[in-house]
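These notes are about the structure you will find just below.
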Amino acid sequence: MRLSLLLIAFLALTPPLRAQDDRISRVLFSTAQLGNLLFPKDPRTVQIVVEARRTLPPGARTIDCDVRDYWGAEQTEPVQLKLADGESKPGRVLYTGTLDLAGATLEIGRYYEIHVAVPAEKGEPFRAQTSFAILPAAEAKKYKPEEIPFTSRSWDNRLLEHVRLTDRLGLRLCGLSGTWAARAPYAAQVPQLDLVKQLGLGWLTVTPVAEMEAGKAVYDETALRQGVRNLITQFGAVRPMVLNLGNDPRGTGDRVLKNVAAYRAVYEAAKKTDPAITVVATAVEPNEEYFKAGYGQWCDAFDFHDYDKTPDTVRRTIGEYRALMKKYQCEKPIWCTELGFNSQGRTRLAAAAALTKKFTVFFAAGGARAGWFGLLSPDPEGKTSGSATDALNVFDGRYNRYAPRLDAIAYFNAVNAIAIKKFVEEKAYANGVHAFLFRDPDARSLQVLWSDQGRQEIGLPLAGVQEVQVIRIDGSLHKLQADNTDLSLSVSDEPLLLLYQGGGALPAKLDVSFVTLEPLPKTLSRNESSALTIFTRSFPLEGVDLIVPPSWKWESKGLQFNVTPPAGTAAREADFTLTLTDAKGLRRGELYAHAPLE
């Protein structure tokens with residue numbers, strides 16, 4: 001099973017190898033910001049370096065470049081970029097160029113890809129790509145770290161890039177790798193803590209008890225007690241500071257008892273040194289053996305990890321924890337320092353949808369603080385792409401360039417849409433639509449919507465609401481006007497985020513959309529026009545417009561839209577947005593649909 005998943009991931013993520021130009025070693029991309037997450041005022045230039053194994057002839061020094069959306073549709077006309085000779089290094093000849101996207105129409109918030117092709121003498125060109133987005137500053141940075149209920153964690157928390165991208169996404173409690181020696185004087189260290197302090201973040205660290213959980217008999221009780229005192233005394237001025245006692249313990253019986261004794265030693269010493277320090281339990285499933293051994297006495301919050309493909313296990317796990325807390329009389333907050341998605345061989349769309357749903361359900365079920373695993377892992381030679389390790393990361397680590405994947409954009413939007421908002425209520429409607437409502441003390445509201453029964457159009461009552469920002473899974477953000485009544489929206493498996501001021505409770509039921517879209521075929525033609533047909537009920541519509549990728553053509557005949565992709569498009573899917581305007585000129589709704597091209 002593992003081998004087949006690896007093969008699927010390889011085929012999905014690796015460009016065709018047949019007859020590809022072997023003169024090219026790799027193509028490197030860089031932008032004005034780490035992680036290719038540009039701020040709106042940053043220059044929209046991309047530095048491109050082609051590394052060749054030998055000198056390229058003049059004809060191979062002009063490369064083809066274009067920008068595409070997540071669905072593969074071209075967003076710019078193809079650009080031929082002439083490369084200049086760059087500096088060389090042993091075994092490599094470098095060629096450089098600057099792709100200037102200042103004239104391109106690019107949306108704030110949306111995920112984009114840059115694709116390049118280096119001409120070959122014969123056979124296939126050498127192809128490479130990166131991704132980027134233009135994002136505003138994180139809304140969550142307006143608040144104190146303790147107010148934002150998110151944490152971060154990577155495979156190696158000692159990396160500068162891990163800390164900086166934690167900050168860029170708006171995660172205010174940064175996972176670090178604090179530790180101390182097992183021998184006197186039990187010297188403590190916390191790599192990257194100075195940067196965390198500089199950025200105004202809080203920090204969370206797993207303790208050396210994790211080594212004991214793994215069966216390593218290195219730390220005795222004196223080392224645990226004195227080491228944590230040293231850690232707090234030397235580094236505890238940077239707040240908030242959180243100790244996470246362990247990490248995925250294994251074993252039963254005597255192993256559990258030894259682990260709990262270690263938790264007690266660290267907890268007691270930490271609280272004696274500074275009672276304000278938050279101590280989070282080891283990350284373990286709701287395990288009654290640990291509760292029986294008394295581990296609930298030696299923490300301020302419980303912790304678990306979840307990598308299941310649906311959010312159902314998140315809710316179930318929190319429920320099981322609550323039952324055990326009640327039975328053993330130790331009611332405490334519940335954290336999840338590693339929510340995740342086993343995405344090897346899956347699309348980034350599936351990963352992004354899972355991320356949004358899992359965070360939403362975690363807080364709806366009463367969870368206190370959570371983080372997604374993981375942010376990144378270095379891949380200096382580009383050899384781990386498609387591996388199980390790489391697939392978990394929201395940033396592509398090839399050549400240590402850390403380009404955002406679609407789930408990085410979803411992570412940014414989930415963190416900053418929730419921010420300081422608290423869960424209010426949820427509803428599961430008869431048509432399979434799920435709705436979740438969050439609100440902050442200033443009545444700023446967030447609704448998260450998705451459907452378990454395929455795409456469908458709904459009328460969403462929004463009494464008392466005027467402007468609504470709608471964020472789609474690819475980061476597209478449009479402003480609609482509810483006009484104190486309702487909006488017409490398409491809801492699917494891909495969660496929608498709706499941000500607005502005020503509003504009341506979730507409606508008891510959903511209305512029928514004033515415009516509906518006929519279901520699309522399973523596939524659409526790459527070479528011929530396809531028809532989109534809408535139906536309207538009695539409503540004073542002023543206009544229905546269609547948003548399609550640039551260079552796609554469309555025409556309307558009554559309530560039918562005929563759409564034709566450009567010849568030779570690289571798009572994998574056709575992605576459509578129908579905008580609905582009422583007689584007042586207000587944009588009262590949007591319908592979304594996409595289908596594969598063949």
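Debye-formula intensities of the stretch 464-598, expressed as log10 I(q)/I(0) at q = 0.09 Å⁻¹, are -0.29 (one equal scatterer per alpha-carbon, no solvent).
Charged neighbours of residue 273, selected by a Cβ distance under 13 Å, balance to +2 (K, R count +1; D, E count -1).
First check a/c for the stretch 182-269, with a ≥ b ≥ c the square roots of the eigenvalues of its C-alpha gyration tensor; if it is under 1.5, answer rounded, and if not, answer prolate when a/b is larger than b/c or oblate otherwise. Here the stretch 182-269 falls in the prolate category. Give the cross-link partners of residue 142 among the aspartates and glutamates, using a straight C-alpha distance below 18 Å as the criterion and excluding same-chain residues fewer than 8 apart. Candidates past the 8-residue exclusion: 167, 440, 442. Kindly express, to the nearest 10 degrees and within the range 0 to 90, the angle between helix 221-235's C-alpha long axis and the longest C-alpha principal axis of the chain. Once rounded, one gets 60 degrees.
Rounded to the nearest 500, the helix-only mean residue ellipticity at 222 nm of the chain stands at -6500 deg cm²/dmol, with each DSSP H run of n ≥ 4 adding -39,500 (n - 2.57). The amide H of residue 526, built 1.01 Å from its N in the peptide plane, has 598 as neighbours under 5 Å, considering only residues 5 or more places off or on other chains. Using equal-weight Cα scatterers in the Debye expression, the normalised intensity of the stretch 392-530 in log10 at q = 0.10, 0.13, 0.22 Å⁻¹ is -0.40, -0.64, -1.39. Expressed as a whole percent, the accessible surface of the stretch 443-598 that belongs to carbon and sulfur atoms is 50, based on a 1.4 Å probe.
Expressed as a rounded percentage, what relative contact order does the chain have, with Cα pairs under 8 Å and six or more residues apart? Relative contact order comes out at 11 percent.
Please report the relative contact order for the stretch 441-598, taking Cα pairs under 8 Å with a sequence separation of at least 6, and give it as a percent rounded to a whole number.
24 percent
Against the chain, whose longest principal axis comes from its Cα atoms, helix 2-13 is set at around 40 degrees. Remark: the chain carries 42 Å² of accessible area per residue (probe radius 1.4 Å; ligands, DNA and RNA excluded).
Show me the GluC sites (Glu not before Pro) within the stretch 31-100 that DSSP assigns to loop and that have at most 16 other Cβ atoms within 10 Å of their Cβ. Can you show the working numbers first?
Values: sites: 51, 74, 87; in loops: 87.
Here the GluC sites (Glu not before Pro) that fit, given the DSSP loop and packing criteria, are 87.
Note on the chain: the C-alpha convex hull projects to 29.7 nm² when averaged across all orientations.
Over 26 Å apart at the Cα level, from the set 357/427; 141/326; 326/422, are 141/326.
Net charge around residue 246, counting only other residues with Cβ within less than 10 Å of its Cβ (Lys, Arg = +1; Asp, Glu = -1)?
Cβ neighbours under 10 Å give a net charge of -4.
Computed from label points 7 Å out along Cα-Cβ, the spacing between residue 85 and residue 453 is 6.8 nm. For residue 89, the lysines whose Cα comes closer than 28 Å to its Cα, not counting residues fewer than 8 places off in the same chain, are 122, 383. In order along the stretch 576-591, the phi-based Karplus estimate (6.51 cos²θ - 1.76 cosθ + 1.60, θ = phi - 60°) of 3J(HN,Hα) comes to 10, 10, 9, 9, 10, 10, 8, 5, 7, x, 8, 7, 9, x, 9, 10 Hz; Gly and Pro are listed as x. Expressed as a whole percent, the accessible surface of the stretch 15-101 that belongs to carbon and sulfur atoms is 52, based on a 1.4 Å probe. Rolling a 1.4 angstrom probe over the stretch 150-251 with all protein chains present gives an accessible area of which 49% lies on carbon and sulfur atoms. For the stretch 114-221, which trypsin sites (Lys or Arg not before Pro) are in a loop by DSSP, counting at most 16 other Cβ atoms within 10 Å? Taking the stretch 114-221 and a limit of 16 other Cβ atoms within 10 Å, the loop trypsin sites (Lys or Arg not before Pro) found are 122, 158, 183, 216.
Cross-link reach is defined here as a Cα-Cα straight distance under 22 Å, omitting same-chain residues fewer than 8 places apart; for residue 522 the lysines meeting it are 553.
Helix 160-169: angle to the longest alpha-carbon principal axis of the chain, degrees 0 to 90, nearest 10? Once rounded, the angle reads 60 degrees.
By the scheme Lys and Arg +1, Asp and Glu -1, what is the net charge of all other residues having a beta-carbon under 9 Å from that of residue 377? Combined, the nearby Lys, Arg, Asp and Glu give -3.
The values are calculated or read from the model by the stated rules, or taken from the named source; none is laboratory data. Everything numeric in this text was worked out from a predicted model, so none of it was measured. Here Cβ is always computed from backbone atoms with ideal geometry, including for glycine, and neighbour counts include all displayed protein chains. Calculation scope for accessible area: heavy atoms of the full protein, side chains included, ligands and nucleic acids excluded. Shrake-Rupley method; radii C 1.70, N 1.55, O 1.52, S 1.80 Å.
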